[in-house]
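Notes to accompany the following structure.
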Amino acid sequence: MSNEAKLELDGKVFTLPTVEGSEGEKAVDVSSLRANTNYITLDDGYGNTGSCISKVTFIDGDKGVLRYRGIPIEEMAEKSNFIETAFLIIYGDLPNRPQLKKFSNLLTANQFLHEDMKFHFEGFPTGAHPMAILSAMINAASCFDEGLMNWKWGKNTEFDVYVARLISQVRTIAAYSYRKSKGLPLIYPKQNYKYTANFLHMMFSMPYEDFEIKPEVVKALDLIFLLHADHEQNCSTSTVRMVASSQANLFASCAAGVCALWGPLHGGANQAVLEMLEDIHRSGDDGSKFITAAKDKNSGKKLMGFGHRVYKNHDPRATIIKKACDDVLAKLNISDPLLDIAKKLEEAALKDSYFVERKLYPNVDFYSGIIMRAIGIPMEMFTVIFAIGRMPGWIANYKEIMDEPKSRIYRPRQIYTGRTINNYVPLEARK
Ligand code: SDX
């Protein structure tokens, strides 16, 4: 069977090659379309457009499959941890013992920010959203680094150092962003703490008393980071690739990813879910009124944490997080009425034709906020936690573009529907 596409336009037939991925995904390669037909494709929201070929993450939205470098997310969640997962996603394989030791040492060696960064934190008003601080401070951190200021593809002999520096410092910046937004003194990382424990230490310790690092809390947060580590060409990762394609430096590209992630339709949804659950709880609604509103386009309400552009079946991450919710709350002996409301909303939605017909299921954000709330992460930090988790995925996608010899700057076309040729009208002649 021909693996070519035939396109008939203006009475002529054009042949376009097709591409098939390792999991059987198929695409029509339209790279030659404009040159041969003077037509471009148009695909609002890129729902039918592949922007790249990638080897990092595979998602099958119909089957609810998610794999990092081929390993099912369920296995990674059960057997791995965030730092090992970060290495796998960025470098392509699970690290052996020497590789893991070297990576861990690089993370520890790069966890401090330049002391002068403190002056930048001083500039933010108390109450500034930590996502605004995070994106600004990732770029600010690069100003203290000559290699990033003189970034040249092919000349970055120490790319692995920048990978570790960004993964390590994003956590330090995030913790400092929180402390700054609460007017609290900054807490420095400890040399002997592992990644996630150190983040909790920097978030919650005080100069006079170290925060008690509970293993079940570290495990739950580490799982949240791991489950968010990559998700193929989502809005923020595509943003990182867009910026990376101009050969901007690694920190600048990932700072752009933070901005894209902040939106409530994307990474900001975890905070929006908690706000929704709190509103429902406060109103005394058992969720049924909200479900009705979420189906009404004029209500301005959506069932946040539900729906996904790719998953038309359960988001496997939501299934894992929902179970982890029950485990963590049981271990911490917490009963959270918002979890009960979330479960009622899910149960009602999964039986409601509006959601069923539109294949709307819980996504990663539906339950993640409840775990984060249970382990003491403040709501305004939920999307920052998502950004820390997604950093390895953003870096891996940056690296794919940088390592591809045929990389080109991303420059989509458009169809112009504005005024046709017009002339300048002097001020005195304007109505
Ligand atoms: C993430 O891309 C990724 O991989 C993202 C992510 C990742 O790991 O990077 O998985 C993380 O961002 C998860 C998504 C978090 N966002 C939310 O939970 C916000 C609520 N969800 C929706 O806004 C929406 O479902 C999106 C943004 C997630 C997907 O939007 P689409 O694909 O553009 O779908 P759509 O808006 O065209 O919806 C199709 C229909 C519409 O109704 P009709 O016009 O057909 O009548 O479904 C309806 C929508 O109104 N709909 C919802 C709904 N989501 C879609 N109705 C009520 N509540 C919802 N949540």
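Yes or no: the stretch 242-252 includes at least one residue that is within 30 Å of TYR410 (Cα to Cα), within 20 Å of the chain's Cα centre (by Cα) and not assigned by TED's automatic domain parsing to the domain that holds ASN150. So far as the stretch 242-252 goes, no, none of its residues is within 30 Å of TYR410 (Cα to Cα), within 20 Å of the chain's Cα centre (by Cα) and not assigned by TED's automatic domain parsing to the domain that holds ASN150. Of all residues in the stretch 115-145, those satisfying the criterion of being hydroxyl-bearing (Ser, Thr, Tyr) and surrounded by 20 or more Cβ atoms within 10 Å (Cβ to Cβ) are SER135, SER142.
Checked against the criterion of being in contact with a helix residue (DSSP H, G or I) (Cβ under 8 Å, 6 or more places away or on another chain), modelled with pLDDT of 95 or more and not assigned by TED's automatic domain parsing to the domain that holds ALA140, the stretch 15-24 contains one or more residues that satisfy it.
Taking the criterion of being within 27 Å of ARG179 (Cα to Cα) and more than 25 Å from the chain's Cα centre (by Cα), the residues of the stretch 85-116 that qualify are ASN105, ALA109, HIS114, GLU115, ASP116. Anything in the stretch 300-309 that is within 6 Å of the ligand (Cβ to nearest atom) and in a loop (DSSP other than H, G, I, E, B)? List them, or say none. Passing the criteria: LYS302, LEU303, MET304, GLY305, GLY307, HIS308, ARG309. Scan the stretch 1-56 for residues that are in contact with an Asp or Glu (Cβ under 8 Å, 6 or more places away or on another chain), loosely packed, with under 10 Cβ neighbours inside 10 Å and small (Gly, Ala, Ser) and report the count. Residues meeting the conditions: 0. If we scan the stretch 210-225, do we find a residue that is free of Cβ contacts under 8 Å to residues at least 12 places away in the same chain and outside any loop (DSSP other than H, G, I, E, B)? Yes, because at least one residue in the stretch 210-225 is free of Cβ contacts under 8 Å to residues at least 12 places away in the same chain and outside any loop (DSSP other than H, G, I, E, B).
Condition check ((1) at negative phi; (2) out of contact with any Pro (no Cβ under 7 Å at 6 or more places or on another chain); (3) modelled with pLDDT of 95 or more; (4) within 16 Å of the ligand (Cβ to nearest atom)) across all residues:
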residue: TYR162; (1), (2), (3), (4): yes, yes, yes, no
residue: TYR178; (1), (2), (3), (4): yes, no, no, no
residue: MET206; (1), (2), (3), (4): yes, yes, yes, no
residue: SER238; (1), (2), (3), (4): yes, yes, yes, yes
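Applying the condition of being within 10 Å of the ligand (Cβ to nearest atom), of a type outside the set (A, V, I, L, M, F, W, C) and part of a helix (DSSP H, G or I) to the stretch 339-367 and asking which residue is surrounded by the most Cβ atoms within 10 Å (Cβ to Cβ) yields ASP365.
The values are calculated or read from the model by the stated rules, or taken from the named source; none is laboratory data. Because the structure is predicted, anything quoted here is derived from the model rather than measured. All Cβ positions, glycine included, derive from the backbone under ideal geometry; neighbour counts span all protein chains shown.
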